[in-house]
1. If DNA, RNA and ligands are ignored and the probe is 1.4 Å, what is the ranking of A:13, B:66, A:65 by accessible area, most exposed first?
2. If you average 1/r across every pair of different Cα atoms in the protein assembly as shown and take the reciprocal, what Kirkwood value do you get, in Å?
3. Taking the Cβ of residue A:4 as the centre, find all other residues whose Cβ is under 13 Å away and add up their charges (Lys, Arg: +1; Asp, Glu: -1).
4. Write down the radius of gyration of chain B and its Dmax, each obtained from C-alpha positions, in Å.
5. Taking amide H positions as placed in the peptide plane 1.01 Å from N, state which residues far from residue B:41 in sequence (5 or more) or on other chains have amide H under 5 Å from it.
6. List the residue from chain A whose beta-carbon is nearest to the axis that rotates chain A onto chain B, together with that distance in whole Å.
7. Which of the residue pairs A:42/B:33; B:42/B:65; A:21/B:66; A:42/B:13 have a Cα-Cα distance greater than 19 Å in the structure shown?
8. Across the range B:8-22, in residue order, what do the Karplus-derived ³J(HN,Hα) couplings come to in whole Hz, using 6.51 cos²θ - 1.76 cosθ + 1.60 with θ = phi - 60° and x for Gly and Pro?
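The values are calculated or read from the model by the stated rules, or taken from the named source; none is laboratory data. Computed from a prediction, not measured in an experiment: that's the story for all the values here. Backbone-built Cβ (ideal geometry, glycine too); neighbour counts: all protein chains shown. Protein only, heavy atoms only, side chains kept; ligands, DNA and RNA dropped before computing areas. Shrake-Rupley method; radii C 1.70, N 1.55, O 1.52, S 1.80 Å.
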Number of protein chains: 2
Amino acid sequence: MIYTIAINVMPLKDLLDPQGKAVMGGLQNLGLKGVQDVRIGKRITVQIDAENESAALSAAEEAAKKLLANPVMEHFEISLL
Amino acid sequence: MIYTIAINVMPLKDLLDPQGKAVMGGLQNLGLKGVQDVRIGKRITVQIDAENESAALSAAEEAAKKLLANPVMEHFEISLL
């Protein structure tokens with residue numbers, strides 16, 4: 001069966017996110033004064049052919065650990081769609 | 001009150017996603033044979049100071065429409081965290 005899984009990869013909280021800071025400035029310049037913090041990460045959706053849900057989730061976790069997320073700078077979350 | 005909102009910006013289904021295709025090849029080379037499709041987008045988390053939930057969500061939608069998503073190539077989803 002084919003499962004669709006989302007993997008969210010975000011910069012760690014303790015690290016600066018210069019791209020996010022730039023976007024925050026842009027939003028404030030557009031008049032959105034309430035914006036206080038912006039962080040930008042990646043969202044990856046994967047379709048995985050697996051026997052069951054837990055096999056699909058563990059394949060997604062392996063993908064995140066081996067290729068998609070850099071644990072020095074990023075953390076990830078996995079969810080079944 | 002401060003609301004944390006996630007904005008997911010993904011490439012439209014009908015468009016090619018060459019970055020996703022490259023990652024799919026990489027994952028298959030790493031031995032994850034079950035991976036059938038990969039699409040890569042952005043996930044933006046925003047902290048918005050607003051009077052209530054619906055004001056925060058509409059500010060996030062304005063941010064997505066004005067700056068974060070390109071409607072020619074991308075669609076977006078907003079969710080309160």
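1. Details: A:13 175, B:66 105, A:65 125 Å².
Descending accessible area places them as A:13, A:65, B:66.
2. Details: mean 1/r = 0.0604 Å⁻¹.
Radius from the Kirkwood sum: 16.6 Å.
3. 0
4. Using the Cα atoms of chain B, the pair Rg, Dmax is 16.0, 50 Å.
5. Those lying under 5 Å, H to H, from residue B:41 are A:43, A:44, A:45.
6. Result for the A and B rotation: A:43, 2.
7. On the way: A:42/B:33 23 Å; B:42/B:65 14 Å; A:21/B:66 17 Å; A:42/B:13 17 Å.
Long pairs (Cα-Cα over 19 Å): A:42/B:33.
8. Once θ is set to phi - 60°, the couplings for the range B:8-22 become 9, 10, 10, x, 4, 4, 7, 9, 5, 10, x, 5, x, 4, 5 Hz.
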